[in-house]
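Chemist: For reference, the structure I am asking about is given below.
Just so it is clear, none of the values below were taken in a lab; they were calculated from the coordinates. Values in this document were obtained by computation on a predicted structure and should not be read as measured data. Note that we place each Cβ from the backbone using ideal geometry, even for glycine, and neighbour counts take in every protein chain shown.
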Amino acid sequence: MNDTVKSIATLLKDLDGILLFPHINMDGDALGSCTAVCLALRALGKKSYVMINEPVPKNLDFLECGCSTNDDSVLDEVQLALMMDCNSMNRIPGREHAFERGKLKGCIDHHMSKSTDIRFDFVRTEPKAAATGEIAYNLIKALGVPVTLDIANCIFTAITTDTGNFQHSNTTARTHDIVGHLHKIEGFNSKEISALIYDRKSKGALKMETDVLGSLNYYEGGKIAVGRITQDLLKRNGCTMDEADGIVPRIMSIDGVEIGCLLKETEMNVRASLRSRAYANVERVAAGFGGGGHILAAGCTFEFPIDEVEKIIVVPLKDALKK
Ligand SMILES: [Mn+2]
């Protein structure tokens with residue numbers, strides 16, 4: 001099942017009371033896509049909110065636009081619960097009940113992995129879309145809603161963050177076409193938004209980045225680089241995990257690295273962020289541990305200590321180099 005953006009727009013026009021769900025550890029694409037669509041639905045006079053249950057990362061604070069709430073009782077009736085940039089209940093922990101309230105359930109995403117735990121009434125998956133924000137943009141156009149400055153900022157953020165600022169191989173002509181349209185919106189300033197996203201690092205975050213990059217473990221002659229963020233490291237630098245966003249691209253900027261892996265120790269588990277430069281399929285590695293993502297960018301979680309995680313994950317990462 002893959003519904004068209006047009007058919008979803010037609011359906012949305014008849015609905016009211018819509019909750020939008022970005023994935024846990026929200027990023028610019030998840031929150032930007034949800035907020036953009038929320039604003040478009042509000043422009044059509046509909047009640048709509050973005051349902052979150054964690055703080056918005058500091059560098060994305062401008063994406064809220066008065067849309068987000070952690071209280072689903074703001075809506076008496078939820079005619080649609082819509083997941084964006086994710087497709088499974090385990091990506092919205094703590095918000096399952098709110099999602100279940102949706103009389104209809106929908107999904108708009110660009111990840112390859114298929115949901116097995118939700119019966120969606122409609123799904124739009126575009127694995128070739130650089131960001132869910134591209135699909136959100138097309139949906140907003142199909143709804144006939146004018147793109148406001150707030151919507152443009154949300155879509156731009158979704159796209160710039162998911163493309164590594166237009167450097168990843170997922171960047172296409174369509175990506176630039178959409179951003180080209182955003183530049184025509186009155187007041188739109190990509191430099192200003194980029195500075196909000198990328199240039200508000202704390203001194204502690206920069207110190208943490210330096211610590212991680214200075215203690216990378218290399219494997220297979222430097223083709224694999226593994227970094228670690230422990231709770232201790234966060235505390236020492238007065239940082240939160242969302243401030244670690246810029247580290248993976250730095251790992252991938254090292255000459256000769258094909259696979260970058262960043263292990264993040266949270267209070268409950270260890271999350272692995274995996275990236276590959278050109279050919280290694282890290283989506284397959286992540287899927288082997290119950291995670292998912294894209295061929296060149298994926299993630300998974302582990303329930304044991306970070307030292308063990310490194311030993312375990314390096315084995316399939318080495319295999320991924322051969323395929
Ligand atoms: Mn995305």
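Chemist: What is the distance in Å between the Cα centroid of segment 167-204 and that of segment 1-78?
Modeler: 21
Chemist: Treating each Cα of segment 91-145 as an identical point scatterer and ignoring solvent, apply the Debye formula and state log10 I(q)/I(0) at q = 0.20, 0.25, 0.28 Å⁻¹.
Modeler: Calculated log10 I(q)/I(0) at the listed q: -0.87, -1.11, -1.17.
Chemist: Turning to a different aspect of this structure: How much length is gained if the chain between GLU64 and GLU96 is pulled fully straight, taking 0.36 nm per residue apart and subtracting their Cα-Cα distance, in nm to one decimal?
Modeler: Roughly 9.4 nm would be gained on extension.
Chemist: Taking a ≥ b ≥ c as the square roots of the Cα gyration tensor eigenvalues, with a/c under 1.5 meaning rounded and otherwise prolate when a/b beats b/c, else oblate, which class fits segment 211-262?
Modeler: The shape class here is prolate.
Chemist: Okay, moving on. Averaging sequence separations of C-alpha pairs under 8 Å and six or more residues apart, then dividing by the length of segment 203-322, give the relative contact order as a whole percent.
Modeler: The normalised contact order for segment 203-322 reaches 20 percent.
Chemist: Using only the Cα atoms of segment 1-108, construct the convex hull and provide its projected area averaged over every direction, in square nanometres to one decimal.
Modeler: Approximately 6.4 nm², given one-decimal rounding.
Chemist: Taking every DSSP beta bridge that has both residues in the chain, what percent is antiparallel when rounded to the nearest 5?
Modeler: If I count the DSSP bridges inside the chain, around 45 percent turn out antiparallel.
Chemist: What residues from segment 73-89 fall in the zone where the backbone N is under 12 Å from a label point 7 Å along the Cα-to-C-beta line of ASP117?
Modeler: 87-89
Chemist: Can you give the FRET efficiency to the nearest 0.05 for SER215 and ASP14, using r as the Cβ-Cβ distance and R₀ = 45 Å?
Modeler: 0.20
Chemist: I would also like to ask the following. Computed over the Cα atoms, what is the radius of gyration of segment 91-183 divided by 2.2 N^0.38 Å, N being its residue count?
Modeler: 1.19
Chemist: So, one more: Sticking with the crude label model, points 7 Å out along Cα→Cβ, report the distance from SER73 to ASN53 in nm, one decimal please.
Modeler: 1.5
Chemist: Please list the equivalent ellipsoid semi-axes of segment 203-322, computed as the square roots of five times the alpha-carbon gyration tensor eigenvalues, in descending order and whole angstrom.
Modeler: 22, 16, 12
Chemist: Additional query: Can you give the charge dipole size of segment 75-203 about its Cα centre, rounded to the nearest 20 debye, using +1 on the beta carbon of Lys and Arg and -1 on the beta carbon of Asp and Glu?
Modeler: Charge dipole, segment 75-203, about its Cα centre: 240 debye, nearest 20.
Chemist: Can you bin segment 5-198 into rounded, prolate or oblate? Criterion: square roots of the alpha carbon gyration tensor eigenvalues sorted a ≥ b ≥ c, rounded for a/c under 1.5, prolate for a/b above b/c, oblate for the rest.
Modeler: rounded
Chemist: Taking 0.36 nm per residue of sequence separation and subtracting the Cα-Cα distance, how much length would be gained by fully extending the chain between SER169 and ASP232, in nm to one decimal?
Modeler: Here the answer is 19.2 nm.
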